[in-house]
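Novice: Encoded as structure tokens, here's the structure I'll be asking about.
The values are calculated or read from the model by the stated rules, or taken from the named source; none is laboratory data. Given the structure is predicted, the values throughout are model-derived calculations rather than measurements. Using ideal geometry, Cβ is built from the backbone for each residue, glycine included, and neighbour counts are taken over all protein chains shown.
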Amino acid sequence: MCTARRFVAGATLTMFAAVPLSAQSAQTKETVRGFGVGHTDIGPTVGLGGLGAASFAIGGRFERGLKALPDLGNGVLGLGLSVDWYNYSESFVGTDYDFTYIPIAATANYHFNIQNKKFDPFLGLGLGYLMVNTPYGGSYDSGIYVVGRLGMRYFMSDKMALYGDVGAGAAALNVGLTFRLSGS
């Protein structure tokens with residue numbers, strides 16, 4: 001296993017091991033507000049199961065809660081922005097080529113209203129633009145793509161949450177941390 005994969009695997013296991021530990025140590029009186037209208041957060045992600053020959057991706061997520069949706073199960077509409085980066089090399093006819101991908105996406109996310117405010121499950125749909133950079137002359141073009149996303153936050157505190165999503169982007173699974181900037 002290469003060093004980068006070991007680092008990503010170790011970071012992922014450490015993050016998910018923190019969930020039960022934080023739950024045990026979270027016997028404080030801090031109230032977790034969860035995701036709501038006005039909530040704004042930002043954070044880094046690591047993508048696992050990269051597309052193409054990439055083993056992992058790095059990126060970030062930003063989201064803002066825009067509107068309560070009382071007619072749709074009292075959920076919240078959020079606007080999410082994401083950017084990722086990944087790179088890999090391929091050999092074609094004895095020549096090595098580097099491929100760099102930068103997917104940028106905007107999604108409208110529906111955040112489900114559930115009793116436990118520590119959990120924030122959501123579904124997203126939107127559009128993205130994939131920038132591709134390679135000296136290879138094949139059919140590797142930049143372009144627009146449809147984004148479908150299923151995600152979850154687990155609020156370890158009112159200001160920080162574990163984050164995960166699956167769907168379109170640079171990887172099959174993205175995990176990270178988000179930090180509340182403002183909001184309810």
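Novice: Scanning for something out of contact with any Cys (no Cβ under 6 Å at 6 or more places or on another chain), touching a residue at least 12 places away in the same chain (Cβ under 8 Å) and among the acidic types (Asp, Glu), does the range 123-146 turn up at least one residue?
Specialist: There is no residue in the range 123-146 that is out of contact with any Cys (no Cβ under 6 Å at 6 or more places or on another chain), touching a residue at least 12 places away in the same chain (Cβ under 8 Å) and among the acidic types (Asp, Glu).
Novice: I'd like the full set of residues that are among the hydrophobic types (A, V, I, L, M, F, W, C), part of a loop (DSSP other than H, G, I, E, B) and touching a Phe, Trp or Tyr at 6+ places or on another chain (Cβ under 9 Å), limited to the range 30-47. Lay out the reasoning, then the answer.
Specialist: Narrowing the range 30-47 to residues among the hydrophobic types (A, V, I, L, M, F, W, C): 32, 35, 37, 42, 46.
Within this subset, residues satisfying the condition of being part of a loop (DSSP other than H, G, I, E, B) are 32, 35, 37.
Of everything in the range 30-47, those that are among the hydrophobic types (A, V, I, L, M, F, W, C), part of a loop (DSSP other than H, G, I, E, B) and touching a Phe, Trp or Tyr at 6+ places or on another chain (Cβ under 9 Å) turn out to be VAL32, PHE35.
Novice: For the range 108-117, state whether one or more residues are polar (S, T, N, Q), more than 30 Å from GLU90 (Cβ to Cβ) and free of Cβ contacts under 8 Å to residues at least 24 places away in the same chain.
Specialist: Yes, the range 108-117 contains at least one residue that is polar (S, T, N, Q), more than 30 Å from GLU90 (Cβ to Cβ) and free of Cβ contacts under 8 Å to residues at least 24 places away in the same chain.
Novice: Considering the range 125-157 alone, what residues qualify as being part of a loop (DSSP other than H, G, I, E, B) and either at pLDDT 85 or above or aromatic (Phe, Trp, Tyr) (or both)?
Specialist: TYR136, TYR140, MET156, SER157
Novice: Still on this structure: Within the range 117-136, is there a residue that is among the β-branched types (Val, Ile, Thr), within 13 Å of the chain's Cα centre (by Cα) and surrounded by 15 or more Cβ atoms within 10 Å (Cβ to Cβ)? Before you say what the answer is, go through the steps one by one.
Specialist: At the first step, the residues of the range 117-136 found to be among the β-branched types (Val, Ile, Thr) are 132, 134.
With the extra rule that they be within 13 Å of the chain's Cα centre (by Cα), the set shrinks to none.
So far as the range 117-136 goes, no, none of its residues is among the β-branched types (Val, Ile, Thr), within 13 Å of the chain's Cα centre (by Cα) and surrounded by 15 or more Cβ atoms within 10 Å (Cβ to Cβ).
Novice: Looking at the range 76-95, which of its residues are touching a residue at least 12 places away in the same chain (Cβ under 8 Å) and either on the phi > 0 side of the Ramachandran plot or under 20 Å from the mean Cα position of the chain (by Cα) (or both)?
Specialist: Within the range 76-95, VAL76, LEU77, GLY78, LEU79, GLY80, LEU81, SER82, VAL83, ASP84, TRP85, TYR86, ASN87 meet the criteria.
Novice: Hey, PHE179 hits all of (1) surrounded by 16 or more Cβ atoms within 10 Å (Cβ to Cβ); (2) closer than 17 Å to ILE42 by Cα; (3) touching a residue at least 40 places away in the same chain (Cβ under 8 Å) but one; which does it fall short on?
Specialist: If we test PHE179 against (1) surrounded by 16 or more Cβ atoms within 10 Å (Cβ to Cβ); (2) closer than 17 Å to ILE42 by Cα; (3) touching a residue at least 40 places away in the same chain (Cβ under 8 Å), just (1) comes out false.
Novice: Can you name the number of the only condition in (1) assigned to a helix (DSSP H, G or I); (2) at pLDDT 80 or above that LEU81 fails?
Specialist: So LEU81 meets the others, but not (1).
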